[in-house]
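Notes follow the structure.
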Amino acid sequence: MCGIVGCILNKEVAPTIIESIKKLEYRGYDSVGIATLTDKVNIKKGSGKIKEVDEKIHLTQVDGNIGIAHVRWATHGNPTKENAHPHNSCDNKISVVHNGIIENYKELREQLESEGHEFKSETDTEVIPHLIEKYMNEGNNLLHATQKTIEKLVGSYALAAICIDEPDKIIGARKESPLIVGVSPNGNFLASDVPAILNETREVIYLEDNEIIQLEKDKVTVMNNQLEPLEKEIVTIDWNPEMAEKGGYPHFMLKEINEEPQVIKDTLSESSKIKEIVSKFKNFNRICFVACGTSYHASLIGEYLIETQLHIPTEVILASEFEYFQNTLDDHTLVIFITQSGETADTLKALKTAKKISETLAIVNVVGSSITREADHVIYTRAGPEIGVAATKTYLSQLICIYLLVAHLGENDELIDKLFKIADLAEESIQREENIKKIAKKYKKSKDFFYIGRGFNYPTALEGALKLKEITYIHAEGYPAGELKHGPLALIDDGIPVVGILPPGPSYPKTYNNLQEIRARGAHMIILGSEDDKQIDDVEDKLVFNSEIDEIIAPLIYIIDLQLLSYHISVEKDIDPDKPKNLAKSVTVV
Ligand code: AGP
C-alpha cells in the first residue's frame with residue numbers, strides 16, 4: 001500500500017510534486033522518493049517520513065519539468081533506501097513508481113536475471129522498469145512497452161513510468177489499485193487519490209481497472225488495455241484544498257473529530273437519497289455486513305439495530321474471513337459493504353465474490369473509489385477527506401447512514417426525528433474536552449485498559465479500545481458487560497482503568513451491576529453516562545451526557561469522547577496520532 005504522483009508542468013516540477021505526495025502520506029510513510037527527467041533520470045529517495053527525508057536530502061532540489069513520486073508502506077522488502085521507489089531500469093533511462101503487489105514477481109525476476117538484468121532492491125516493483133526496458137530494447141515506445149509489461153503482471157498495480165528517450169510524457173496504468181488524473185491548464189497530474197492534486201486542480205478523471213493513460217503537458221489520453229482511446233468524463237470535485245489541510249489544529253485527527261457535528265448534518269442530508277435507494281432493494285430476508293476494523297464496528301451496531309428494530313436476521317463478517325462464510329449467500333441476502341476508503345483490498349475482494357450471488361450495497365466515503373464501482377447500490381457518507389489514520393468522522397458518518405437506512409427500511413419516523421436532533425448534542429462532546437484532557441493525563445502511563453458496554457454500546461466499547469490501541473500503543477480490550485465474569489474478570493486488578501459505557505435505557509440496570517462488580521475488584525472506573533444519573537455521583541472520572549441520549553442513540557455521541565480520550569493520551573505520550581506506527585489509512589493489500 002503506497003501513494004503515487006506524477007506530473008508534467010511548464011515549470012520546475014519538484015516543489016509541486018513533493019507538496020502533492022505529502023497529501024498521500026496517509027497511504028504510507030516508510031519511505032519517499034522522487035524522479036524527474038532532464039537529460040537523465042534524477043532520483044532522490046530515502047527511508048522515513050517525508051519531512052525527515054526532506055531535511056536530509058532536500059527532495060525539492062531536483063531539476064526537470066516532468067516527474068513521478070512515491071510514498072511507501074512496505075510489503076516486499078524492508079523500508080530501506082534501496083527498496084524506496086522510484087525504481088530504475090539497468091540503463092537508468094526508465095523510472096517507475098508503483099502501488100500494489102506483483103504476485104508473480106519472483107518468476108519474472110528470475111527470468112529477467114537470466115536475461116542479464118541486474119536488480120538493486122528486494123521489491124516486487126523493480127520487475128516493472130526492467131520489463132519496460134526489455135520491451136523498449138525490442139523497438140517499442142514507452143507506451144507500447146508499458147502495455148506489454150502489464151500483460152505480464154499478475155496482481156494489483158497503479159503505476160507511473162517515465163523515460164529519458166520520451167521526455168514529454170508519463171505513462172500510467174491501473175488494476176485493483178486506485179489511480180486518478182488531474183487536468184489543469186498548467187499541466188496534468190496522476191495520483192493515487194484526490195487530495196494530492198487539489199492544490200492544482202479540481203478537474204478529475206477516475207481511471208478504471210485495465211485502463212492505461214498517456215499524460216502530456218497539454219493532453220491526456222486514456223486507453224483500454226488494447227490502447228484504444230476511451231471517452232472519459234471529467235468530474236469536478238467539490239472538496240477545496242483547505243478541506244484537506246489541518247485548518248489550524250495540531251493534528252488532522254483533532255480537526256476531524258471537531259468536524260463531527262457538521263459531518264452529522266452533512267450525512268443526514270443524504271436521508272432522501274437513502275430512502276430512494278431503499279425503495280430499489282429487491283426482496284431480501286437476510287442481511288450480511290462485510291467490513292474491516294472500525295467499519296466492522298459500525299457494522300456491528302447495524303446488526304444490533306436491524307435485529308432489534310426490523311427483526312431481520314443479520315450477521316457481520318470480517319472481510320478478511322469472508323471466504324469461510326460466502327457459501328450461504330443467496331439471492332435473498334442483501335450484502336452491505338462498509339468502508340471509508342472504498343479501497344480496502346479484503347472488502348473489495350469479498351464484494352467481487354458476493355455480487356455474483358446477492359444484491360450488494362456499499363456505504364463509502366471516497367467518491368469514485370474502487371468499491372463504489374463494483375456495488376449494485378452506493379450510499380456516500382459525505383464525511384469529506386479524512387487524513388488521520390484513525391477513523392473518526394468517517395465512523396460517525398457510517399453510523400448515521402446505517403441509522404438512516406434502518407429508519408427508512410422500517411419507516412420509523414420517530415428514529416429519523418431523533419437523528420435530526422443529535423448534531424447539537426455532538427457539539428457538547430467537544431465541550432467536554434478539558435475534562436477529557438485531565439483523564440488522559442491521569443491514565444497516560446497505564447499498560448492496559450478495558451472498555452465495557454452492552455447491546456448497542458458493546459461495539460462502542462470495541463471501537464473505543466481499537467482507537468486507544470492504534471494511536472497510543474496501550475493494550476486495550478472491549479468486552480460486552482455481561483461477559484467479564486466468564487473469564488476476563490481475572491485480569492481486573494487494583495488501579496486498572498475500566499471505561500464503562502452506561503447510557504440510560506433498558507440495559508442500564510444490568511450494565512450498572514456489572515460495572516459495580518468490576519469496581520469492587522479495585523478497577524479505576526471512567527464512566528460515560530447520563531448527567532441525571534445519581535448512581536454515578538461518587539465516580540471521580542466521568543463524562544456526562546444529556547439525558548435525552550438513550551442507549552440507541554448513545555453510539556453516535558459517546559464515541560466522540562472516546563476518540564478524544566485516545567487522541568489526548570496519544571499526545572501526552574508524544575506519539576503522532578495521525579501516523580501510528582505500522583499502520584496506513586488505506587489497506588490495499590489482502
Ligand atoms: C480505523 O481507525 C483503522 N485505521 C482501520 O481499522 C480501518 O477502519 C480499516 O482498515 C478499514 O478501512 P476502510 O473503512 O477504509 O475499509
Taking 0.36 nm per intervening residue step and subtracting the Cα-Cα distance, what contour gain separates HIS475 from ASN285 on full extension?
64.5 nm
Extension length gain for ARG373 and VAL235 (0.36 nm per residue less Cα distance), in nm, is 48.2 nm
Taking only the alpha-carbon positions of segment 369-461 as identical scatterers, the Debye log10 I(q)/I(0) at q = 0.12 Å⁻¹ comes out as -0.60
Rounded to the nearest 0.05, what FRET efficiency is calculated for ASP413 and GLU151 with R0 set to 56 Å and r the Cβ-Cβ distance?
0.50
Strictly greater than 12 Å: what percent of every Cα pair in segment 536-581 meets that?
70 percent
For segment 391-398, in residue order, the Karplus 3J(HN,Hα) values (coefficients 6.51, -1.76, 1.60; θ = phi - 60°; whole Hz; Gly and Pro = x) are 6, 10, 5, 5, 4, 4, 5, 4
Heavy atoms of ASP266 accessible to a 1.4 Å probe, total area in Å² rounded to 10
60 Å²
For segment 373-476, what relative contact order do you get, as a whole percent, if you take Cα pairs closer than 8 Å and at least 6 residues apart?
18 percent
Give the span of segment 278-428's Cα atoms along each principal axis, as three whole-Å numbers ordered largest to smallest.
45, 35, 23
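Is the shape of segment 402-450 rounded, prolate or oblate, going by the alpha carbon gyration tensor and its root eigenvalues a ≥ b ≥ c, with a/c under 1.5 for rounded and a/b larger than b/c for prolate?
Judged from the Cα gyration tensor, segment 402-450 comes out oblate (a/c at least 1.5, b/c at or above a/b).
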Between ASN435 and PHE119, with labels modelled 7 Å along Cα→Cβ, what's the label distance in nm to one decimal, could you check?
5.8 nm
A student applying the Cα gyration tensor rule (rounded when a/c is under 1.5; otherwise prolate if a/b is larger than b/c, oblate if not) would label the chain prolate
Using a Förster distance of 45 Å, the FRET efficiency for ASN225-LYS444 (Cβ separation, nearest 0.05):
0.25
Accessible area expressed per residue, the chain, with surrounding protein chains retained (probe 1.4 Å, Å²):
38 Å²
Kirkwood hydrodynamic radius of segment 198-307, from inverse mean 1/r over distinct Cα pairs, in Å:
18.8 Å
In range of the label at GLU531: residues from segment 407-429 whose backbone nitrogen is under 16 Å from the point 7 Å along Cα→Cβ:
422-429
Taking a threshold of 22 Å on the Cα-Cα distance, which of the pairs LYS51/LYS393; LYS93/LYS148; LYS81/LYS134; LYS44/LYS175; LYS51/LYS579; LYS437/LYS510 fall above it?
LYS51/LYS393; LYS81/LYS134; LYS44/LYS175; LYS437/LYS510
Rounded to the nearest 20 debye, what is the charge dipole size of the chain about its Cα centre when +1 sits on each Lys and Arg Cβ and -1 on each Asp and Glu Cβ?
780 debye
Just reorder THR16, THR328, THR38 by solvent-accessible area, largest first, 1.4 Å probe, all chains present.
THR328, THR38, THR16
Take the alpha-carbon centre of segment 460-529, take the same for segment 88-140, and report the distance between them in whole Å.
53 Å
Inter-part distance where segment 282-346 and segment 532-573 are each reduced to a Cα centre, Å
28 Å
Cα shape, segment 440-537, gyration tensor, a/c 1.5 rule:
rounded
Diffing segment 88-104: the Karplus 3J(HN,Hα) column from phi (6.51, -1.76, 1.60, θ = phi - 60°), in whole Hz with x for Gly and Pro, holds 10, 6, 4, 7, 6, 8, 10, 9, 9, 10, 8, 10, x, 9, 8, 5, 9
Ignoring ligands, DNA and RNA, what percent of the 1.4 Å accessible area of the chain is carbon and sulfur?
47 percent
Whole-Hz ³J(HN,Hα) for each residue in segment 188-197, computed from phi via Karplus 6.51 cos²θ - 1.76 cosθ + 1.60 with θ = phi - 60°, x for glycine and proline: what do you get?
10, 10, 10, 7, 6, 7, 4, x, 4, 10
Only Cα pairs under 8 Å and at least 6 apart count here; give the relative contact order of the chain as a rounded whole percent.
12 percent
I'd like the antiparallel share, as a percent to the nearest 5, of DSSP beta bridges with both residues in the chain.
60 percent
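What FRET efficiency, computed as 1/(1 + (r/R0)^6) with R0 = 51 Å and r the Cβ-Cβ distance, is obtained for GLU12 and GLU107, rounded to the nearest 0.05?
0.80
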Rough spin-label spacing in nm, given labels placed 7 Å along Cα→Cβ, for ALA520 and LEU489
0.8 nm
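The values are calculated or read from the model by the stated rules, or taken from the named source; none is laboratory data. Keep in mind that what you see is a predicted model, and the values were worked out from it rather than measured. Counting neighbours? That spans all protein chains shown, and the Cβs are built from the backbone with ideal geometry, glycine included. Surface accessibility is based on the protein's heavy atoms, side chains included, excluding ligands, DNA and RNA. Shrake-Rupley method; radii C 1.70, N 1.55, O 1.52, S 1.80 Å.
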